[in-house]
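Can you keep this structure in mind? I'll have questions shortly.
Throughout, read-outs are computed from the coordinates displayed, never taken from laboratory work. Model, not experiment: these values are computed from the prediction. Glycine gets a Cβ as well: all are built from the backbone with ideal geometry, and neighbour counts include every protein chain shown.
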Amino acid sequence: MAASGTLRQRTGWRLTRIAVSLLALAFAAYIGGFFLFTAELERTPPVEIAKADGIVALTGGPDRITAAYRLLEQGKGQRLLITGVHPDVDSKSLKEIMPGSAAKFDCCVDVGHMAENTIGNADETAEWVHRENYRSVILVTSTYHLPRAKLELARAMPGVEIRPYPVFQDTLHLDGWWAYPGTTRLLISEYTKYLLTLTYGRQSSLPA
């Protein structure tokens, strides 16, 4: 009995050590991947971006929308889709925050109210791209959001070329992010969501 108990105890300790080692390796991989993720985020807007069939802006701040609208005014796309707009926000309210002339808004801006998250943005964009028969789009969103947003859009509309256009907020400090708790929390949250997207794939978030 004593020998049997000792064997079980040794086996238990061995399994515990293995579990702890695996957890340590997983944590190290997570941290290493996080540092790589933050290092590869764009720090500056592109000097020039090639023209595409359409432009899509993912809501999450006025800077994304105004940046996309400027691209539309520059002729970088035929139409602009603003996806994920809150149902209570109408086109008139959006027009008021647009830089420059409202002429382009009246003729060439589509407003999507269906999406509630990034997966929804991708589905809403895919429907719009299919309807307009586009083969390329410029994707406008925050720089930290671009990796996950691009992945979701690529899965929702395979074969469509996606050209990322990063937007930067004054409150986001990518250089020396570890000194800014708000930026650190945001980056950790986004990196975790990105990993989950890579691991579990996606499902349509829009009603049939």
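Report, ordered by the first and then the second residue, all pairs with beta carbons closer than 6 Å, sequence separation of six or more or different chains, a first member in segment 68-85 that is closer than 12 Å to ALA57 by Cα, and a second member that is assigned to a helix (DSSP H, G or I) and not polar (S, T, N, Q).
Final answer for the pair search is LEU72/LYS104; ARG79/CYS108; LEU80/ALA68; LEU80/LEU72; LEU81/TRP128; ILE82/ILE65; THR83/GLU124.
While we're on this one: Just the residues that are of a type in the set (D, E, K, R) and part of a strand (DSSP E or B), please, taken from segment 55-82. Break it down stepwise before answering.
First, the residues of segment 55-82 that are of a type in the set (D, E, K, R): 63-64, 70, 73, 76, 79.
Within segment 55-82, ARG79 is the sole residue that qualifies.
Against the condition part of a helix (DSSP H, G or I) and out of contact with any Phe, Trp or Tyr (no Cβ under 9 Å at 6 or more places or on another chain), how does ALA28 come out, does it pass?
On the way: part of a helix (DSSP H, G or I): yes; out of contact with any Phe, Trp or Tyr (no Cβ under 9 Å at 6 or more places or on another chain): yes.
So ALA28 fits the description; yes.
Output yes when any residue across segment 77-85 is in contact with a Cys (Cβ under 9 Å, 6 or more places away or on another chain) and of a type in the set (A, V, I, L, M), and no when none is. Walk me through it before giving the result.
Applying the first criterion (in contact with a Cys (Cβ under 9 Å, 6 or more places away or on another chain)) to segment 77-85 yields 77-80.
Now drop any that are not of a type in the set (A, V, I, L, M), which leaves 80.
Yes, some residue in segment 77-85 is in contact with a Cys (Cβ under 9 Å, 6 or more places away or on another chain) and of a type in the set (A, V, I, L, M).
When residues of segment 146-169 are filtered for being over 17 Å from ILE49 (Cβ atoms) and in contact with a helix residue (DSSP H, G or I) (Cβ under 9 Å, 6 or more places away or on another chain), how many remain?
So in segment 146-169, the residues over 17 Å from ILE49 (Cβ atoms) come out as 147-148, 151-152, 154-159, 169.
Right, trim to in contact with a helix residue (DSSP H, G or I) (Cβ under 9 Å, 6 or more places away or on another chain) and you get 147-148, 151-152, 154-157, 169.
So the answer is 9.
Which of the residues spanning segment 101-132 are outside any helix (DSSP H, G or I), more than 21 Å from the chain's Cα centre (by Cα) and of a type in the set (A, V, I, L, M, F, W, C)?
First, the residues of segment 101-132 that are outside any helix (DSSP H, G or I): 101-102, 109-117.
Retained after the next criterion (residues that are more than 21 Å from the chain's Cα centre (by Cα)): 101-102, 109.
Across segment 101-132, the qualifying residues are ALA102, VAL109.
Going residue by residue through segment 142-149, is there one that turns out to be among the aromatic types (Phe, Trp, Tyr) and either in a strand (DSSP E or B) or in contact (Cβ under 8 Å) with a residue 12 or more places away in the chain (or both)? Break it down into steps so the answer makes sense when it comes.
First, the residues of segment 142-149 that are among the aromatic types (Phe, Trp, Tyr): 144.
From what's left, either in a strand (DSSP E or B) or in contact (Cβ under 8 Å) with a residue 12 or more places away in the chain (or both): 144.
Yes; the residues of segment 142-149 include at least one that is among the aromatic types (Phe, Trp, Tyr) and either in a strand (DSSP E or B) or in contact (Cβ under 8 Å) with a residue 12 or more places away in the chain (or both).
Would you check if there is a residue in segment 48-66 being over 18 Å from ARG163 (Cβ atoms) and among the small types (Gly, Ala, Ser)?
Step one: filter segment 48-66 for residues over 18 Å from ARG163 (Cβ atoms), giving 59-63, 66.
Cutting the leftovers down to among the small types (Gly, Ala, Ser) gives us 60-61.
Yes: segment 48-66 contains one or more residues that are over 18 Å from ARG163 (Cβ atoms) and among the small types (Gly, Ala, Ser).
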